[in-house]
Amino acid sequence: MSSKGVLAGQKALVTGANSGIGKAVALALGKAGADVAVNYVVDEDAANAVVEEIRRAGVNAIALKADVSVESDVVAMFAQAIKQLGTIDILVANAGLQRDQAFDQMSLERWNTVIGVNLTGQFLCAREAVKEFIRRGVVPSVSCAAGKIICMSSVHQVIPWSGHANYATSKGGVKLLMESMAQELAPKRIRVNAIAPGAIRTPINRPAWNTEAALNALMTLIPYGRIGEPEDIARAAVWLASDDSDYVVGTTLFVDGGMTLYPGFSTGG
Ligand code: NAD
(Lines give C-alpha, C1' and ligand atoms only; values in the text may rest on other atoms or scores of the structure.)
Protein backbone atom coordinates (compact mmCIF):
# COMPACT_ATOMS: atom_id res chain seq x y z
CA MET A 1 0.00 0.00 0.00
CA SER A 2 1.24 3.46 -0.84
CA SER A 3 -1.23 5.50 1.19
CA LYS A 4 1.69 7.37 2.82
CA GLY A 5 3.20 8.46 -0.51
CA VAL A 6 3.77 12.14 -1.30
CA LEU A 7 0.57 12.13 -3.39
CA ALA A 8 -1.61 10.18 -0.96
CA GLY A 9 -5.28 11.06 -1.34
CA GLN A 10 -4.79 12.97 -4.61
CA LYS A 11 -6.52 12.24 -7.91
CA ALA A 12 -4.56 12.48 -11.15
CA LEU A 13 -5.44 12.35 -14.83
CA VAL A 14 -2.66 11.53 -17.29
CA THR A 15 -3.29 11.82 -21.04
CA GLY A 16 -1.70 9.36 -23.44
CA ALA A 17 -1.02 7.14 -20.45
CA ASN A 18 -0.98 3.73 -22.15
CA SER A 19 2.48 4.16 -23.72
CA GLY A 20 5.94 5.58 -23.15
CA ILE A 21 6.32 8.58 -20.87
CA GLY A 22 2.61 8.84 -19.98
CA LYS A 23 2.56 5.22 -18.85
CA ALA A 24 5.63 5.68 -16.66
CA VAL A 25 4.16 8.87 -15.19
CA ALA A 26 0.82 7.20 -14.45
CA LEU A 27 2.56 4.27 -12.72
CA ALA A 28 4.77 6.60 -10.68
CA LEU A 29 1.86 8.80 -9.58
CA GLY A 30 0.07 5.63 -8.44
CA LYS A 31 3.15 4.43 -6.54
CA ALA A 32 3.26 7.87 -4.88
CA GLY A 33 -0.29 7.29 -3.60
CA ALA A 34 -2.52 9.02 -6.16
CA ASP A 35 -5.61 7.50 -7.75
CA VAL A 36 -5.07 7.73 -11.50
CA ALA A 37 -7.29 8.16 -14.58
CA VAL A 38 -5.40 6.61 -17.50
CA ASN A 39 -6.40 8.32 -20.74
CA TYR A 40 -5.93 6.55 -24.06
CA VAL A 41 -7.20 6.99 -27.60
CA VAL A 42 -6.10 3.68 -29.17
CA ASP A 43 -5.14 0.32 -27.63
CA GLU A 44 -7.59 -0.21 -24.78
CA ASP A 45 -5.75 -3.39 -23.74
CA ALA A 46 -2.58 -1.41 -23.04
CA ALA A 47 -4.59 1.11 -21.00
CA ASN A 48 -6.22 -1.68 -18.98
CA ALA A 49 -2.80 -3.22 -18.30
CA VAL A 50 -1.59 0.12 -16.91
CA VAL A 51 -4.73 0.35 -14.77
CA GLU A 52 -4.10 -3.15 -13.37
CA GLU A 53 -0.47 -2.34 -12.58
CA ILE A 54 -1.41 0.90 -10.82
CA ARG A 55 -4.05 -0.91 -8.75
CA ARG A 56 -1.38 -3.31 -7.54
CA ALA A 57 0.12 -0.29 -5.73
CA GLY A 58 -3.05 -0.24 -3.61
CA VAL A 59 -4.70 2.81 -5.19
CA ASN A 60 -7.62 3.22 -7.57
CA ALA A 61 -7.17 3.54 -11.32
CA ILE A 62 -9.55 3.78 -14.27
CA ALA A 63 -9.10 3.84 -18.06
CA LEU A 64 -10.82 6.63 -20.00
CA LYS A 65 -10.96 6.83 -23.77
CA ALA A 66 -10.78 10.30 -25.31
CA ASP A 67 -9.12 12.02 -28.24
CA VAL A 68 -7.58 15.05 -26.54
CA SER A 69 -7.97 17.14 -29.69
CA VAL A 70 -11.78 16.72 -29.63
CA GLU A 71 -13.53 19.10 -27.24
CA SER A 72 -16.57 16.89 -26.56
CA ASP A 73 -14.29 13.91 -25.80
CA VAL A 74 -12.26 15.94 -23.32
CA VAL A 75 -15.32 17.38 -21.57
CA ALA A 76 -16.85 13.90 -21.26
CA MET A 77 -13.55 12.42 -20.01
CA PHE A 78 -13.24 14.97 -17.19
CA ALA A 79 -16.89 14.46 -16.21
CA GLN A 80 -16.25 10.71 -15.97
CA ALA A 81 -12.98 11.13 -14.07
CA ILE A 82 -14.59 13.46 -11.53
CA LYS A 83 -17.61 11.17 -11.19
CA GLN A 84 -15.51 8.05 -10.64
CA LEU A 85 -12.58 9.48 -8.64
CA GLY A 86 -14.42 12.30 -6.84
CA THR A 87 -12.28 15.18 -8.15
CA ILE A 88 -9.03 15.90 -9.99
CA ASP A 89 -5.99 17.42 -8.25
CA ILE A 90 -3.31 16.75 -10.86
CA LEU A 91 -3.34 16.89 -14.67
CA VAL A 92 -0.38 15.62 -16.66
CA ALA A 93 -1.08 16.82 -20.22
CA ASN A 94 1.21 14.34 -21.91
CA ALA A 95 -0.50 13.04 -25.08
CA GLY A 96 1.45 13.93 -28.17
CA LEU A 97 2.53 12.76 -31.59
CA GLN A 98 4.80 13.54 -34.50
CA ARG A 99 3.85 13.75 -38.19
CA ASP A 100 7.20 14.70 -39.70
CA GLN A 101 7.58 16.13 -43.19
CA ALA A 102 9.91 18.40 -45.16
CA PHE A 103 8.59 21.92 -44.86
CA ASP A 104 7.75 22.41 -48.56
CA GLN A 105 5.85 19.10 -48.53
CA MET A 106 4.08 19.70 -45.21
CA SER A 107 0.36 19.06 -45.70
CA LEU A 108 -2.20 21.10 -43.82
CA GLU A 109 -3.55 17.82 -42.50
CA ARG A 110 -0.19 16.98 -40.85
CA TRP A 111 0.16 20.51 -39.52
CA ASN A 112 -3.35 20.52 -38.04
CA THR A 113 -3.04 17.02 -36.57
CA VAL A 114 0.09 17.88 -34.60
CA ILE A 115 -1.12 21.30 -33.45
CA GLY A 116 -4.52 19.79 -32.62
CA VAL A 117 -3.16 17.05 -30.35
CA ASN A 118 0.02 18.59 -28.94
CA LEU A 119 -1.20 22.16 -28.35
CA THR A 120 -5.01 22.39 -28.57
CA GLY A 121 -5.25 19.08 -26.70
CA GLN A 122 -3.26 20.54 -23.80
CA PHE A 123 -5.45 23.67 -23.82
CA LEU A 124 -8.68 21.65 -23.71
CA CYS A 125 -7.51 19.32 -20.93
CA ALA A 126 -6.03 22.16 -18.87
CA ARG A 127 -9.23 24.20 -19.19
CA GLU A 128 -11.39 21.35 -17.90
CA ALA A 129 -8.95 20.64 -15.06
CA VAL A 130 -8.85 24.31 -14.06
CA LYS A 131 -12.67 24.48 -13.88
CA GLU A 132 -12.59 21.65 -11.34
CA PHE A 133 -9.65 23.15 -9.39
CA ILE A 134 -11.52 26.48 -9.07
CA ARG A 135 -14.81 24.80 -8.15
CA ARG A 136 -13.15 22.76 -5.38
CA GLY A 137 -10.41 25.12 -4.18
CA VAL A 138 -7.64 24.19 -1.75
CA VAL A 139 -8.22 21.23 0.54
CA PRO A 140 -5.35 21.65 3.02
CA SER A 141 -5.39 18.02 4.15
CA VAL A 142 -4.73 16.99 0.51
CA SER A 143 -2.37 19.63 -0.92
CA CYS A 144 -1.23 23.25 -0.40
CA ALA A 145 -2.40 23.99 -3.95
CA ALA A 146 -5.86 24.02 -5.51
CA GLY A 147 -4.44 21.96 -8.37
CA LYS A 148 -1.35 21.17 -10.37
CA ILE A 149 -0.90 20.98 -14.12
CA ILE A 150 2.19 19.51 -15.74
CA CYS A 151 2.50 20.14 -19.47
CA MET A 152 4.67 17.64 -21.35
CA SER A 153 6.72 19.88 -23.58
CA SER A 154 10.04 19.03 -25.24
CA VAL A 155 13.55 20.37 -25.72
CA HIS A 156 12.01 21.46 -29.03
CA GLN A 157 10.24 24.28 -27.24
CA VAL A 158 13.66 25.97 -27.62
CA ILE A 159 15.62 23.88 -30.17
CA PRO A 160 14.43 24.44 -33.76
CA TRP A 161 13.90 21.13 -35.58
CA SER A 162 14.32 20.77 -39.32
CA GLY A 163 11.73 18.48 -40.87
CA HIS A 164 9.54 18.81 -37.79
CA ALA A 165 8.17 22.38 -38.04
CA ASN A 166 4.71 21.33 -36.89
CA TYR A 167 6.07 19.53 -33.81
CA ALA A 168 8.52 22.28 -32.78
CA THR A 169 5.77 24.89 -33.25
CA SER A 170 3.40 22.89 -31.05
CA LYS A 171 5.97 22.68 -28.26
CA GLY A 172 6.90 26.36 -28.57
CA GLY A 173 3.19 27.01 -28.16
CA VAL A 174 3.03 24.77 -25.11
CA LYS A 175 5.76 26.90 -23.48
CA LEU A 176 3.73 30.12 -23.66
CA LEU A 177 0.44 28.36 -22.99
CA MET A 178 1.97 26.95 -19.80
CA GLU A 179 3.52 30.29 -18.77
CA SER A 180 0.34 32.27 -19.48
CA MET A 181 -1.77 29.80 -17.52
CA ALA A 182 0.75 29.85 -14.68
CA GLN A 183 0.65 33.65 -14.48
CA GLU A 184 -3.15 33.82 -14.66
CA LEU A 185 -3.88 30.96 -12.28
CA ALA A 186 -1.21 31.31 -9.58
CA PRO A 187 -3.40 33.73 -7.57
CA LYS A 188 -5.96 30.93 -7.41
CA ARG A 189 -3.19 28.69 -6.01
CA ILE A 190 -3.09 26.58 -9.15
CA ARG A 191 0.46 25.64 -10.10
CA VAL A 192 1.24 25.13 -13.78
CA ASN A 193 4.66 23.88 -14.87
CA ALA A 194 6.17 21.92 -17.74
CA ILE A 195 8.68 19.16 -18.27
CA ALA A 196 10.87 19.34 -21.36
CA PRO A 197 12.22 15.85 -22.05
CA GLY A 198 15.27 15.34 -24.22
CA ALA A 199 15.60 12.01 -26.05
CA ILE A 200 13.62 9.42 -24.11
CA ARG A 201 13.42 5.76 -25.17
CA THR A 202 9.75 5.43 -26.26
CA PRO A 203 7.86 4.41 -29.42
CA ILE A 204 7.60 8.04 -30.63
CA ASN A 205 11.30 8.21 -31.55
CA ARG A 206 12.20 4.54 -32.10
CA PRO A 207 14.33 5.24 -35.22
CA ALA A 208 16.56 7.49 -33.09
CA TRP A 209 17.62 4.65 -30.75
CA ASN A 210 16.80 1.22 -32.19
CA THR A 211 20.07 0.70 -34.08
CA GLU A 212 23.63 1.07 -32.81
CA ALA A 213 24.41 3.66 -35.50
CA ALA A 214 21.37 5.75 -34.59
CA LEU A 215 22.16 5.55 -30.89
CA ASN A 216 25.80 6.59 -31.51
CA ALA A 217 24.62 9.58 -33.55
CA LEU A 218 22.16 10.48 -30.80
CA MET A 219 24.94 10.42 -28.20
CA THR A 220 26.68 13.35 -29.95
CA LEU A 221 23.66 15.42 -28.83
CA ILE A 222 23.64 14.26 -25.19
CA PRO A 223 26.52 15.43 -22.97
CA TYR A 224 25.48 13.03 -20.20
CA GLY A 225 26.11 10.09 -22.53
CA ARG A 226 22.94 8.06 -22.22
CA ILE A 227 19.44 8.06 -23.62
CA GLY A 228 16.69 9.00 -21.17
CA GLU A 229 14.22 6.45 -19.85
CA PRO A 230 10.52 7.17 -19.23
CA GLU A 231 11.17 6.79 -15.49
CA ASP A 232 13.55 9.80 -15.62
CA ILE A 233 10.52 11.89 -16.61
CA ALA A 234 8.16 10.12 -14.19
CA ARG A 235 10.30 11.05 -11.17
CA ALA A 236 10.27 14.71 -12.23
CA ALA A 237 6.48 14.58 -12.69
CA VAL A 238 5.92 13.18 -9.19
CA TRP A 239 8.00 16.00 -7.74
CA LEU A 240 6.22 18.72 -9.74
CA ALA A 241 2.84 17.25 -8.74
CA SER A 242 3.71 17.12 -5.04
CA ASP A 243 3.83 19.81 -2.37
CA ASP A 244 7.64 19.34 -2.34
CA SER A 245 7.64 21.73 -5.32
CA ASP A 246 5.01 24.06 -3.86
CA TYR A 247 6.91 27.28 -4.73
CA VAL A 248 7.66 26.16 -8.30
CA VAL A 249 5.33 28.09 -10.61
CA GLY A 250 5.57 28.55 -14.38
CA THR A 251 8.87 26.71 -14.76
CA THR A 252 9.99 24.32 -17.46
CA LEU A 253 12.09 21.55 -15.97
CA PHE A 254 14.47 20.29 -18.65
CA VAL A 255 15.15 16.56 -18.18
CA ASP A 256 17.46 16.07 -21.12
CA GLY A 257 20.95 14.87 -20.12
CA GLY A 258 22.24 18.29 -21.16
CA MET A 259 20.82 18.30 -24.70
CA THR A 260 20.00 22.00 -24.43
CA LEU A 261 23.63 22.88 -23.50
CA TYR A 262 24.65 23.26 -27.17
CA PRO A 263 26.97 20.20 -27.14
CA GLY A 264 28.22 21.20 -30.63
CA PHE A 265 30.23 23.90 -28.82
CA SER A 266 31.79 21.53 -26.26
CA THR A 267 35.22 21.68 -27.92
CA GLY A 268 35.21 25.45 -28.10
CA GLY A 269 33.14 25.90 -31.26
P1 NAD B 1 4.36 7.62 -27.20
O2 NAD B 1 4.03 7.59 -28.65
O3 NAD B 1 4.85 6.40 -26.53
O4 NAD B 1 3.11 8.17 -26.36
C5 NAD B 1 2.24 9.16 -26.82
C6 NAD B 1 0.88 8.88 -26.23
O7 NAD B 1 -0.03 9.91 -26.66
C8 NAD B 1 0.31 7.55 -26.71
O9 NAD B 1 -0.35 6.92 -25.61
C10 NAD B 1 -0.69 7.98 -27.77
O11 NAD B 1 -1.73 7.05 -27.98
C12 NAD B 1 -1.19 9.26 -27.13
N13 NAD B 1 -1.96 10.10 -28.05
C14 NAD B 1 -1.63 10.48 -29.31
N15 NAD B 1 -2.63 11.18 -29.85
C16 NAD B 1 -3.60 11.26 -28.91
C17 NAD B 1 -4.88 11.85 -28.88
N18 NAD B 1 -5.37 12.52 -29.93
N19 NAD B 1 -5.61 11.74 -27.75
C20 NAD B 1 -5.14 11.05 -26.68
N21 NAD B 1 -3.94 10.46 -26.67
C22 NAD B 1 -3.18 10.57 -27.77
O23 NAD B 1 5.43 8.80 -27.07
P24 NAD B 1 6.08 9.47 -25.76
O25 NAD B 1 7.50 9.67 -26.08
O26 NAD B 1 5.72 8.75 -24.53
O27 NAD B 1 5.39 10.91 -25.80
C28 NAD B 1 4.72 11.47 -24.70
C29 NAD B 1 4.91 12.99 -24.70
O30 NAD B 1 6.29 13.28 -24.47
C31 NAD B 1 4.54 13.67 -26.01
O32 NAD B 1 3.88 14.89 -25.73
C33 NAD B 1 5.88 13.93 -26.64
O34 NAD B 1 5.85 15.04 -27.54
C35 NAD B 1 6.73 14.20 -25.42
N36 NAD B 1 8.17 14.08 -25.64
C37 NAD B 1 8.73 12.85 -25.89
C38 NAD B 1 10.11 12.79 -26.08
C39 NAD B 1 10.82 11.49 -26.34
O40 NAD B 1 12.03 11.52 -26.62
N41 NAD B 1 10.18 10.33 -26.27
C42 NAD B 1 10.89 13.94 -26.03
C43 NAD B 1 10.27 15.16 -25.78
C44 NAD B 1 8.92 15.22 -25.58
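Within segment 244-253, is there a residue that is within 25 Å of Ala12 (Cα to Cα) and within 12 Å of the ligand (Cβ to nearest atom)?
Applying the first criterion (within 25 Å of Ala12 (Cα to Cα)) to segment 244-253 yields 244-253.
This time we only want the ones that are within 12 Å of the ligand (Cβ to nearest atom), so: 252.
Within segment 244-253, one or more residues are within 25 Å of Ala12 (Cα to Cα) and within 12 Å of the ligand (Cβ to nearest atom).
I'm told Asp35 meets every condition in (1) more than 16 Å from the ligand (Cβ to nearest atom); (2) free of Cβ contacts under 8 Å to residues at least 60 places away in the same chain; (3) touching an Asp or Glu at 6+ places or on another chain (Cβ under 7 Å) except one. Can you identify the failing condition by its number?
(3)
If you go through segment 131-170, how many residues are out of contact with any Phe, Trp or Tyr (no Cβ under 9 Å at 6 or more places or on another chain) and among the basic types (Lys, Arg)?
So the count comes out to 2.
With respect to Phe78, determine if the residue is surrounded by fewer than 17 Cβ atoms within 10 Å (Cβ to Cβ), touching a residue at least 12 places away in the same chain (Cβ under 8 Å), away from the ligand (no atom under 13 Å from the Cβ) and hydrophobic (A, V, I, L, M, F, W, C). Write out each step before concluding.
Numbers: surrounded by fewer than 17 Cβ atoms within 10 Å (Cβ to Cβ): no; touching a residue at least 12 places away in the same chain (Cβ under 8 Å): yes; away from the ligand (no atom under 13 Å from the Cβ): yes; hydrophobic (A, V, I, L, M, F, W, C): yes.
For Phe78, the condition - surrounded by fewer than 17 Cβ atoms within 10 Å (Cβ to Cβ), touching a residue at least 12 places away in the same chain (Cβ under 8 Å), away from the ligand (no atom under 13 Å from the Cβ) and hydrophobic (A, V, I, L, M, F, W, C) - is not met.
Quick one: is Ala186 farther than 25 Å from Gly257 by Cβ and in contact (Cβ under 8 Å) with a residue 40 or more places away in the chain?
Numbers: farther than 25 Å from Gly257 by Cβ: yes; in contact (Cβ under 8 Å) with a residue 40 or more places away in the chain: yes.
The answer is yes for Ala186.
Working only within segment 10-31, note down all residues that are part of a helix (DSSP H, G or I) and near the ligand (Cβ under 7 Å from one of its atoms). Talk me through it step by step, then tell me what you get.
Of segment 10-31, the ones part of a helix (DSSP H, G or I) are 20-31.
Of everything in segment 10-31, those that are part of a helix (DSSP H, G or I) and near the ligand (Cβ under 7 Å from one of its atoms) turn out to be Gly20, Ile21, Gly22.
Table: residues versus (1) hydrophobic (A, V, I, L, M, F, W, C); (2) touching a helix residue (DSSP H, G or I) at 6+ places or on another chain (Cβ under 7 Å).
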residue	(1), (2)
Lys23	no, yes
Ala26	yes, yes
Lys31	no, no
Val59	yes, yes
Val68	yes, yes
Ser72	no, no
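Taking segment 240-260 as the search range and keeping residues that are of a type in the set (S, T, N, Q) and assigned to a helix (DSSP H, G or I), which one is surrounded by the most Cβ atoms within 10 Å (Cβ to Cβ)?
Applying the first criterion (of a type in the set (S, T, N, Q)) to segment 240-260 yields 242, 245, 251-252, 260.
Subset that is assigned to a helix (DSSP H, G or I): 245, 260.
Values: Ser245: 19, Thr260: 17.
Among residues in segment 240-260 that are of a type in the set (S, T, N, Q) and assigned to a helix (DSSP H, G or I), the one surrounded by the most Cβ atoms within 10 Å (Cβ to Cβ) is Ser245.
When you check Val50 against the structure, is it buried (at least 20 other Cβ atoms within 10 Å of the Cβ), within 15 Å of the ligand (Cβ to nearest atom) and more than 22 Å from Asn112 (Cβ to Cβ), yes or no?
Judged against the criteria, Val50 is a match.
Pull out all pairs, ordered by first then second residue, where Cβ-Cβ is under 6 Å, the residues are six or more apart or on different chains, the first lies in segment 113-129 and is at pLDDT 95 or above and among the β-branched types (Val, Ile, Thr), and the second is more than 8 Å from the ligand (Cβ to nearest atom) and not in a helix (DSSP H, G or I).
Pairs that qualify, where the first residue is at pLDDT 95 or above and among the β-branched types (Val, Ile, Thr) and the partner is more than 8 Å from the ligand (Cβ to nearest atom) and not in a helix (DSSP H, G or I), are Thr113/Arg99; Val114/Arg99.
Filter segment 152-165 down to the residues that are of a type in the set (A, V, I, L, M) and either in a helix (DSSP H, G or I) or at positive phi (or both) and list them by number.
So in segment 152-165, the residues of a type in the set (A, V, I, L, M) come out as 152, 155, 158-159, 165.
Answer for segment 152-165, where residues must be of a type in the set (A, V, I, L, M) and either in a helix (DSSP H, G or I) or at positive phi (or both): Val155, Ala165.
Please pick out the residue among Ala237, Ala168, Ala182, Ala213 that is surrounded by fewer than 16 Cβ atoms within 10 Å (Cβ to Cβ) and either within 19 Å of the chain's Cα centre (by Cα) or not in a loop (DSSP other than H, G, I, E, B) (or both).
Details: Ala237 fails: surrounded by fewer than 16 Cβ atoms within 10 Å (Cβ to Cβ); Ala168 fails: surrounded by fewer than 16 Cβ atoms within 10 Å (Cβ to Cβ); Ala182 fails: surrounded by fewer than 16 Cβ atoms within 10 Å (Cβ to Cβ).
After ruling out the rest, the residue left standing is Ala213.
Would you check if there is a residue in segment 196-215 being at pLDDT below 95, within 23 Å of Leu119 (Cα to Cα) and among the basic types (Lys, Arg)?
yes
Any idea which of Ser107, Ser72 is within 16 Å of the ligand (Cβ to nearest atom), surrounded by fewer than 16 Cβ atoms within 10 Å (Cβ to Cβ) and among the hydroxyl-bearing types (Ser, Thr, Tyr)? Break it down into steps so the answer makes sense when it comes.
Working: Ser107 fails: within 16 Å of the ligand (Cβ to nearest atom).
Just a single option satisfies the conditions, and that option is Ser72.
Checking Ile149 against (1) within 12 Å of the ligand (Cβ to nearest atom); (2) part of a strand (DSSP E or B); (3) without any contact (Cβ under 8 Å) to a residue 60 or more places away in the chain, which test does it fail?
Checking Ile149 against (1) within 12 Å of the ligand (Cβ to nearest atom); (2) part of a strand (DSSP E or B); (3) without any contact (Cβ under 8 Å) to a residue 60 or more places away in the chain, the one that fails is (1).
Out of curiosity, is Pro187 surrounded by fewer than 22 Cβ atoms within 10 Å (Cβ to Cβ), more than 16 Å from the ligand (Cβ to nearest atom) and not in a helix (DSSP H, G or I)? Explain how you work it out, then say what you get.
Working: surrounded by fewer than 22 Cβ atoms within 10 Å (Cβ to Cβ): yes; more than 16 Å from the ligand (Cβ to nearest atom): yes; not in a helix (DSSP H, G or I): no.
Spelling it out, it is not the case that Pro187 is surrounded by fewer than 22 Cβ atoms within 10 Å (Cβ to Cβ), more than 16 Å from the ligand (Cβ to nearest atom) and not in a helix (DSSP H, G or I).
The values are calculated or read from the model by the stated rules, or taken from the named source; none is laboratory data. Quantities reported herein were computed from a predicted structural model and do not represent experimental measurements. Quick reminder, even Gly has a Cβ in these numbers, built from the backbone with ideal geometry, and neighbours come from all protein chains shown.
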